[in-house]
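The values are calculated or read from the model by the stated rules, or taken from the named source; none is laboratory data. Remember, it's a predicted structure, so these values are computed and weren't measured experimentally. Every residue, glycine among them, receives a Cβ derived from its backbone with ideal geometry; neighbour counts consider all protein chains shown.
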Amino acid sequence: MEAIAKLKNVSLSARKMRFVADSVRGRSVDDALNILKFSKREASEYVEKLVLSAISNWENKLDMAYNADDYGLFIKSIHVDEAGMLKRFRPAPHGRAHRIRKRSNHVTIVVSNKVELENDNTNETTEE
């Protein structure tokens, strides 16, 4: 069972966000949250909230019948894409202008469980 969470238009360059995303890719959710909580990078705050959102999405997808702690959730995939760019100009000497590009990004995370879910609604037919 998978759950997806997306964060769009984060006003931070994709390169800075990818550094944090690479540090938590493939890890269990508990390990990832510990890494993100004690990281000094600004991007870690955004990714931490996104991981918590993905966990909540996983629980809500199953109608709160399951607890995420019991099923060994891990980060199956996380990828960072570039988003739109704000283009500005900064005055430069001799009447020139330098272009300033304010970059942003989109982050998508997929969490999945390692432990199989039990099926409460089994429709097994037995022949007598």
Q) What are the pairs, 6+ residues apart or on separate chains, where a residue within the stretch 30-45 that is more than 18 Å from residue 11 (Cα to Cα) has its Cβ under 8 Å from a residue that is among the charged types (D, E, K, R)? A) 33/48; 35/27; 36/45; 36/48; 37/48
Q | Total residues in the stretch 66-91, condition part of a strand (DSSP E or B) and either within 19 Å of the chain's Cα centre (by Cα) or exposed (fewer than 10 other Cβ atoms within 10 Å of the Cβ) (or both) | A | 13
Q: Could you please find all residues in the stretch 1-35 being in a loop (DSSP other than H, G, I, E, B) and under 11 Å from the mean Cα position of the chain (by Cα)?
A: 25
Q) Out of all the residues in the stretch 7-25, is one or more in contact (Cβ under 8 Å) with a residue 12 or more places away in the chain, farther than 23 Å from residue 102 by Cα and not aliphatic (A, V, I, L, M)? A) yes
(Q) Which residue is farthest from residue 10 (Cα to Cα), if the candidates are limited to the stretch 92-109 and must be surrounded by 17 or more Cβ atoms within 10 Å (Cβ to Cβ) and not basic (Lys, Arg)? (A) 109
(Q) Can you tell me which condition residue 60 does not meet? The list is (1) in a helix (DSSP H, G or I); (2) over 18 Å from the mean Cα position of the chain (by Cα); (3) not aliphatic (A, V, I, L, M), and all the others hold. (A) (2)
Q) Looking at the stretch 101-116, is at least one residue at pLDDT below 95 and out of contact with any Phe, Trp or Tyr (no Cβ under 7 Å at 6 or more places or on another chain)? A) yes
(Q) Can you pull out every residue in the stretch 53-110 that is over 21 Å from residue 27 (Cα atoms) and of a type in the set (Val, Ile, Thr)? (A) 100
Q | the stretch 46-79: number of residues that are in contact with a Ser or Thr (Cβ under 8 Å, 6 or more places away or on another chain) and touching a residue at least 60 places away in the same chain (Cβ under 8 Å) | A | 1
Q: Would you confirm whether any residue within the stretch 41-53 is among the aliphatic types (A, V, I, L, M), assigned to a loop (DSSP other than H, G, I, E, B), modelled with pLDDT of 90 or more and out of contact with any helix residue (DSSP H, G or I) (no Cβ under 9 Å at 6 or more places or on another chain)?
A: no
